[in-house]
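Colleague: Below you'll find the structure I mean.
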Amino acid sequence: MICAVYKSLKKPDTYLFVMPGQQLERAPQALLAMLGKLEYVMTVDLDKRDKLAQSDPQQVKTALLEQGYYLQLPPTVYAEGSA
């Protein structure tokens, strides 16, 4: 499964994965407004990846099939001693 990856220029380390051809049309308008301007990063073949930098390829594929997009948020950083 091929997908296109865009990064938010408004929200650091936030990426939107979409299926080529559908581009951004299936993502909710409220989400697109929150992300602001998006910049194309790359095209990824999820079938040829065992893992991605911060997401599970199978979860990305499932989200693309079910909702038409996958939103990758920045990793959560916990302060030492907090739970």
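Colleague: Restricting to segment 1-57, name every residue that is among the basic types (K, R) and touching a residue at least 24 places away in the same chain (Cβ under 8 Å). Steps first, please.
Modeller: We begin by selecting, within segment 1-57, every residue among the basic types (K, R); these are 7, 10-11, 26, 37, 48-49, 51.
Across segment 1-57, the qualifying residues are K7, K10, K11, R26, K37.
Colleague: Still on this model: Before we move on, is Q54 modelled with pLDDT of 85 or more and polar (S, T, N, Q)?
Modeller: Details: modelled with pLDDT of 85 or more: no; polar (S, T, N, Q): yes.
So Q54 fails the test.
Colleague: Let me ask something additional. Residues that are surrounded by fewer than 12 Cβ atoms within 10 Å (Cβ to Cβ): find the strands (runs of 3 or more DSSP E) completely inside segment 1-66 holding 3 or more of those. First the steps, then the outcome.
Modeller: Working: elements: 2-8, 15-18, 38-45.
Hits in segment 1-66: 38-45.
The values are calculated or read from the model by the stated rules, or taken from the named source; none is laboratory data. Fair warning: this is a prediction, and the values are worked out from it, not measured in the lab. Please note: Cβ atoms are built from the backbone with ideal geometry, for glycine as well, and neighbour counts cover all protein chains shown.
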